[in-house]
2 protein chains.
Amino acid sequence: MTTHHFSTKDRILSAAEALFARQGFAATSLRQVTSRADVNIAAVNYHFGSKENLVNEVFRRRMDQMSEERLAALKVACCERPGELEPVLAAFVEPALAMAQDRHGGADFVRVIARAYAESNDGLRKFLSDRYGHVLREFAKAITGCVEGLGKEDLYWRLDFLAGALVYAMSDFGLIKRPSGTSESSHRQRAAAALIRFASAGFKATN
Amino acid sequence: MTTHHFSTKDRILSAAEALFARQGFAATSLRQVTSRADVNIAAVNYHFGSKENLVNEVFRRRMDQMSEERLAALKVACCERPGELEPVLAAFVEPALAMAQDRHGGADFVRVIARAYAESNDGLRKFLSDRYGHVLREFAKAITGCVEGLGKEDLYWRLDFLAGALVYAMSDFGLIKRPSGTSESSHRQRAAAALIRFASAGFKATN
DNA sequence: GTTAGCCTCAAACAAGCGTTTGATTCAGCC
DNA sequence: GGCTGAATCAAACGCTTGTTTGAGGCTAAC
C-alpha cells in the first residue's frame, strides 16, 4: 500500500524537473532526485537506463505538448486576425506562459528549457533543434507576412532576441524580482504582455 | 625554466574561463582546469582558496573592465547626444561586443556570462548583483530620461529583455548560424546593430 | 500452490570530486 | 652560508557521484 497518487516513473520525472530547474543538470545528483521522489536510488536506472536518458525524458514529457499548442494558436491567430503581428507573437509567448502557470511543475519546466539552451549538452541542443525547429520556421513565415520589408537576416536575429528575452523573463533570471504582493501567475502575465509589446515594436523597427 | 608566458594564476583563470564557457561551472572539475593550465591540482586552492572563489575571480578579471567601459560610453552618449536612446543602448551593447571580439578569451567570457544567468548559483548572483548592480541602475536612469512616460516596472522588464537578448545573441545560442562567408567579427557587429534597433523600438513602445 | 514477471530494496562498486597535507624547490635578503 | 617565505609538487584525505548487484516482495496466470 502506497499513499502516492502517481507512478514511480512520474514521481521521478517531476522531482528531476524541479531539481534541474533549480540547480541545472550537472549539479543535480540522482540521490537528490530519488530522495525527493521518495523512491529508491536504483529506480532511476531501472526505469530510465541512465541519467542522460532521464534528462531527455523530462523534455519529451512536456515539449511536444507546448509545440502543438504554439502551432495551434498560430493557426488561429493567422485565421482570425490575419496580417496582425501581436497575435502571432502571443501565439508564441502564451503557451510558454501557460506552461509556466501549470500547477503540476510547468513553471519548473520553463526554467529547464532555459538551462537546456545554456548547457551545450551537445546532444541535447541538437535534439531540440531537430525535433522542434519546424515550429520556429512556421513562426518565421507568419511574422514575415505581418511585417513589410523585413529581410530574412533581420527576421532571424529578431526571433533570436525574442526567444532570449522570453526564456530569461519566464525563468526569473533577470533583475526583476516579483513583489511580494503579487501572485506568481499575475507576475508572469505582466511579463508576457510587456514582452509582446516590446517585441512587436522591435519587429516593426525599420532599418 | 618555464616556457609559459603567463603566471600560474592567469593560466588557471584562462583555462577555467574556457572550460566554464564550454561546460558550465558544475560540470567542470578542477582537475580539468589544472590539466589544461598545465598546473598542479593544489595550485587552485593555494591561489584562490576554493572553486567557488575561482569562479568569482574569473568574473572579476573581465567584468570590472567591461563595466567601466559601459559607464564611460554612457557618459559620452549622454553628453554628446542627450535625449537620444540609441546611443545609450549602444553604450550598453557595444562593450559586450568588444569583449566578445577580444582575441584573448573574451568570446569565452561572454558565454560564461550566459551560464551565470542560467546556472543561477546563488553565491555568484549575489556577488554579481553587489558588485555590478550600480551599472544597471545608471543605465536605467539614462533610459528613463530618453523615453517619456515609461513606468518603472516596464523599464525594468525591458531591461531584462535587453539583457536576455544580448546574452543570447552574443553567445550564439540561437538559431542564427554565422554564414561561412562572413567573419565572426562582422557577424557580431551585425547582431549588435540589429539588437540596438530592435531594443530601441521596444523601449519606445507605448502601453 | 506454483510459477513468471515486474518492481523495489539495501548494499556495494569503481571512479571522480574538492580539498588538505607535508615535503621540496627556489629566489631574495641579512 | 643560513634563513625566510612564496610557490609547486605528488600523494592522500573523506566524501559523493552514477551505476550495478542480488535478494526478495508482490500480483496475476495457470
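The values are calculated or read from the model by the stated rules, or taken from the named source; none is laboratory data. None of these values were measured; they are calculated from a predicted model. Using ideal geometry, Cβ is built from the backbone for each residue, glycine included, and neighbour counts are taken over all protein chains shown. What goes into the accessible areas is simple: the full protein's heavy atoms, side chains included, and nothing from ligands, DNA or RNA. Shrake-Rupley method; radii C 1.70, N 1.55, O 1.52, S 1.80 Å.
Note down the nm distance, to one decimal, between modelled labels 7 Å out along Cα→Cβ at B:ARG31 and at B:GLU148.
Going by the 7 Å Cα→Cβ label model, 6.5 nm.
Roughly how much accessible area, to the nearest 100 Å², goes out of reach of solvent when A and B pair up, both sides summed, probe 1.4 Å?
The A and B chains share an interface burying roughly 4100 Å².
What part of the accessible area of segment B:4-143, given as a whole %, is carbon or sulfur when the probe is 1.4 angstrom?
Roughly 49 percent, rounded to a whole number.
Would you work out the charge dipole size for chain B about its Cα centre, treating the Cβ of every Lys and Arg as +1 and the Cβ of every Asp and Glu as -1, and quote it to the nearest 20 debye?
In debye, rounded to 20, chain B gives about 360.
Per-residue ellipticity at 222 nm for chain B, helices alone: DSSP H runs ≥ 4 residues times -39500 (n - 2.57), over residue total, nearest 500 deg cm²/dmol?
After summing the helix terms and dividing by residue count, I get -25500 deg cm²/dmol.
Any residues in segment B:133-168 that have 40 Å² or more less accessible area with all protein chains than in their chain alone, probe 1.4 Å, and which are they?
B:GLU153, B:TRP157, B:ASP160, B:PHE161, B:TYR168
What angle do you read, to the nearest 10 degrees and between 0 and 90, between the alpha-carbon axis of helix B:152-170 and the longest principal axis of chain B?
50 degrees
In nm to one decimal, list the spacings between the B:ARG125 label point and its equivalents in the other copies, with label points set 7 Å along Cα to Cβ, shortest first.
Sorted ascending, the copy-to-copy spacings read 2.3 nm.
Tilt of helix B:8-23 relative to the longest C-alpha principal axis of chain B, in degrees (0 to 90, nearest 10)?
Between helix and principal axis, roughly 60 degrees.
Which shape class applies to the protein assembly as shown: rounded if a/c is under 1.5, otherwise prolate when a/b exceeds b/c and oblate if not, where a ≥ b ≥ c are the square roots of the Cα gyration tensor eigenvalues?
In terms of gyration-tensor shape, oblate.
In whole angstrom, and with the biggest value first, how far do the Cα coordinates of segment A:1-139 range along each principal axis?
54, 36, 21
Which pairs, out of A:LYS152/B:LYS152; B:LYS75/B:LYS141; A:LYS141/B:LYS152; A:LYS9/B:LYS51; A:LYS9/A:LYS51, put more than 23 Å between their alpha-carbon atoms?
Flagged as over cut-off: A:LYS152/B:LYS152; A:LYS141/B:LYS152; A:LYS9/B:LYS51.
Counting partner chain Cβ atoms within 10 Å of every residue's Cβ in A:189-198, what's the average?
Average per residue, whole number: 5.
Please identify every one of the chymotrypsin sites (Phe, Trp or Tyr not before Pro) in segment B:16-96 that sits in a loop by DSSP and has no more than 11 other beta carbons within 10 Å of its own beta carbon.
Qualifying residues, ordered by number: none.
So for segment A:58-204, averaging the separation of alpha carbon pairs under 8 Å that are six or more residues apart and normalising by length, what relative contact order in percent results?
30 percent
Using only the Cα atoms of segment A:58-204, what semi-axes does the equivalent ellipsoid have when each is the square root of 5 times a gyration tensor eigenvalue? Give whole Å, largest first.
23, 19, 15
Using a 1.4 Å probe, what is the accessible area per residue for chain A, in Å²?
With all protein chains present, chain A gives 48 Å² per residue.
Mind checking the angle between helix B:184-204 and chain B's longest principal axis? C-alpha axes, 0 to 90 degrees, to the nearest 10.
Compared with the principal axis, the helix lies near 40 degrees.
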